[in-house]
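K.L.:
For reference, the structure I am asking about is given below.
The values are calculated or read from the model by the stated rules, or taken from the named source; none is laboratory data. Remember, it's a predicted structure, so these values are computed and weren't measured experimentally. So basically every Cβ, Gly included, is an ideal-geometry build from the backbone, and we count neighbours across all protein chains shown. These area figures cover heavy atoms from the full protein model, side chains too; ligands, DNA and RNA do not enter into them. Shrake-Rupley method; radii C 1.70, N 1.55, O 1.52, S 1.80 Å.
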2 protein chains.
Amino acid sequence: MDFLKYPQPLAELISSLSRLPGIGPKTAGRLAFYLLQQPQVSEDLAKAIVVANRDIRKCSICSNFTDQDPCAICQNMQRDLTALCVVEHPRDVVSLEKTGEFKGIYHVLHGVLSPMDGIGPEQLTINQLLRRLEGIKEVVMAMNPTVEGEATALYLARLLKPMGIKVSRIAHGLPVGGDLEYADEITIARALEGRRDL
Amino acid sequence: MDFLKYPQPLAELISSLSRLPGIGPKTAGRLAFYLLQQPQVSEDLAKAIVVANRDIRKCSICSNFTDQDPCAICQNMQRDLTALCVVEHPRDVVSLEKTGEFKGIYHVLHGVLSPMDGIGPEQLTINQLLRRLEGIKEVVMAMNPTVEGEATALYLARLLKPMGIKVSRIAHGLPVGGDLEYADEITIARALEGRRDL
């Protein structure tokens, strides 16, 4: 690799940076030189990584990332404890919270079922989910509209429905501001399928 | 900012990452979650940043980044000590070294003259350059072909020529594999200007 021509500590830094997603060797090189030129930025970054790794854990109830256990949402007595929204990743909780539309509680799976990658129900937080269904009336599936996301939602629906819990899924259709002309066929088909009376 | 909705240590991590060049808040969020999910990657990265910051310094002769002083190139007695190539950044040394074409020594300016940004000769390593001209027969300017790069090359040429040193500049023209049709006019003008007899 090119960066082996750099002094050892610099080569190590470039190599570490290029293990991040979406960062190739060229970008990693650029970032590494920037970090060397800005000691304050790089000191702050190293500290932030260490602190986040030390202080951020998974909430013992919902598995969301948190610095307090239970997390702020699970501790909040104002939330609707009868509605539970299941998401793939912690960042999805933030996306949903920004809308202010959902007043219930969350459960973070930390992935989706993907037998090809060796990810079965045991690798996700499905057992924790099944243990916290007391009092839950509706479970909203908010997985991403991918094959694995869909399969995970259907798998969970099949587990939850026999317990008398209402299972719903967020709508798939045209994004607001989107254009029929540029939408793919599957999205349009889903939008038609999910049409509502006006 | 959106990331203020995250737990404090995570918000700090996203904020630190988004201070890197070319990393916006969305990418910073994605990287931060990745770092939390991959403790080994993030531990290695934090360590690499700390080690690089501690061990990488500027060579006291050429100002290139190095973990030994003088740097490997300045220590190398096989190099041609009569030819000196001036570059803007340490990464440019690596680009030039990869070609294997230049056998001389280097000098890294750590920037270019840019009065608008308050960067004058004192902010660069120009004084160090002037102090190491003994025995140098040719200085090759390898600044980037930008207005500031050109101005810096001309400024240095005006200092060096009266000392009887030959000053040259790397050629500007069509990149190999490039296409006349897609080249900008200034590049084509420079390519014509620099034409050679066949």
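K.L.:
Pull up the stretch A:34-64, narrow it to residues that are in a loop (DSSP other than H, G, I, E, B) and of a type in the set (Gly, Ala, Ser), then point me to the one that is farthest from the other protein chains (Cβ to nearest Cβ).
P.N.:
A:Ser60
K.L.:
More than 7 Å from chain A (Cβ to nearest Cβ), open to solvent by less than 20 Å² (accessible area, probe 1.4 Å) and closer than 16 Å to A:Val41 by Cα: does that describe B:Ala83?
P.N.:
Criteria not met by B:Ala83.
K.L.:
What number of residues within the stretch B:171-198 satisfy the criterion of being in contact with a helix residue (DSSP H, G or I) (Cβ under 9 Å, 6 or more places away or on another chain), touching a residue at least 12 places away in the same chain (Cβ under 8 Å) and not in a helix (DSSP H, G or I)?
P.N.:
Qualifying residue count, the stretch B:171-198: 4.
K.L.:
State which residue is nearest to B:Val50 (Cα to Cα) when the search covers only the stretch A:1-16 and only residues that are hydrophobic (A, V, I, L, M, F, W, C) and at the interface with another protein chain (Cβ under 7 Å from one of its Cβ atoms).
P.N.:
A:Leu13
K.L.:
Report, ordered by the first and then the second residue, all pairs with beta carbons closer than 7 Å, sequence separation of six or more or different chains, a first member in the stretch B:91-112 that is among the acidic types (Asp, Glu), and a second member that is open to solvent by less than 40 Å² (accessible area, probe 1.4 Å) and assigned to a helix (DSSP H, G or I).
P.N.:
none
K.L.:
Oh, and also: Output yes when any residue across the stretch A:69-80 is open to solvent by less than 50 Å² (accessible area, probe 1.4 Å), away from every other protein chain (no Cβ under 13 Å) and in contact with a helix residue (DSSP H, G or I) (Cβ under 9 Å, 6 or more places away or on another chain), and no when none is.
P.N.:
Yes - at least one qualifying residue is present in the stretch A:69-80.
K.L.:
Quick one: is B:Gly24 surrounded by fewer than 16 Cβ atoms within 10 Å (Cβ to Cβ) and farther than 17 Å from A:Ser15 by Cα?
P.N.:
yes
K.L.:
Here's something else I'd like to know. Quick check on my filter: what residues within the stretch B:19-31 are in contact with a Lys or Arg (Cβ under 9 Å, 6 or more places away or on another chain) and among the small types (Gly, Ala, Ser)?
P.N.:
Matches in the stretch B:19-31: B:Gly22, B:Ala28, B:Gly29.
K.L.:
State whether one or more residues within the stretch B:29-43 are within 26 Å of the chain's Cα centre (by Cα) and of a type in the set (S, T, N, Q).
P.N.:
No, the stretch B:29-43 has no match at all.
K.L.:
Condition first: surrounded by 14 or more Cβ atoms within 10 Å (Cβ to Cβ), in a helix (DSSP H, G or I) and not hydrophobic (A, V, I, L, M, F, W, C). Now tell me which residues in the stretch A:104-153 satisfy that.
P.N.:
Passing the criteria: A:Pro121, A:Gln123, A:Gln128, A:Glu148, A:Gly149, A:Glu150, A:Thr152.
K.L.:
Take the stretch B:30-61 and flag every residue that is touching a helix residue (DSSP H, G or I) at 6+ places or on another chain (Cβ under 7 Å), under 16 Å from A:Phe65 (Cα atoms) and open to solvent by 10 Å² or more (accessible area, probe 1.4 Å).
P.N.:
Selection gives B:Leu36, B:Pro39.
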